[in-house]
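The values are calculated or read from the model by the stated rules, or taken from the named source; none is laboratory data. The shown structure was predicted, so the numbers you read here are calculated from the model rather than taken from an experiment. As a convention, Cβ positions derive from the backbone with ideal geometry for all residues, glycine included, and neighbour counts pool all protein chains shown.
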Amino acid sequence: MRRTVIALAALATLVLGGTGPVSAQGAAAATSPKAEAAPPAARTARPKREPTAGQMAARERQRKCGAEWREAKTSGKTGGLKWPQYWSRCNARLKGNAA
């Protein structure tokens with residue numbers, strides 16, 4: 001249906017003395033009732049939720065592990081680990097789990 005409308009709009013433009021082919025977006029915008037519609041009403045902002053205790057603890061562990069990682073990386077003591085493996089071991093260590 002939409003392609004038909006676009007094709008008819010392009011054909012009408014050419015027949016009525018248009019200067020060239022009409023782009024699909026231009027034809028759709030010209031024939032679309034949405035083009036004339038008012039902008040949508042502004043959304044009401046939801047209040048920002050505070051992070052849970054678990055989320056805050058995870059962020060703190062990530063900051064600590066990140067600082068350790070940067071220090072170990074600059075001194076060349078990562079043991080060949082990439083960040084994901086280092087993070088996994090460091091996170092388990094800080095949580096108190098055996099890694």
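Kindly evaluate A30 against the criterion of being surrounded by 12 or more Cβ atoms within 10 Å (Cβ to Cβ) and either assigned to a helix (DSSP H, G or I) or at pLDDT below 70 (or both).
Judged against the criteria, A30 is a match.
Go through segment 72-99 residue by residue and tally those that are within 14 Å of A57 (Cα to Cα) and loosely packed, with under 10 Cβ neighbours inside 10 Å.
1
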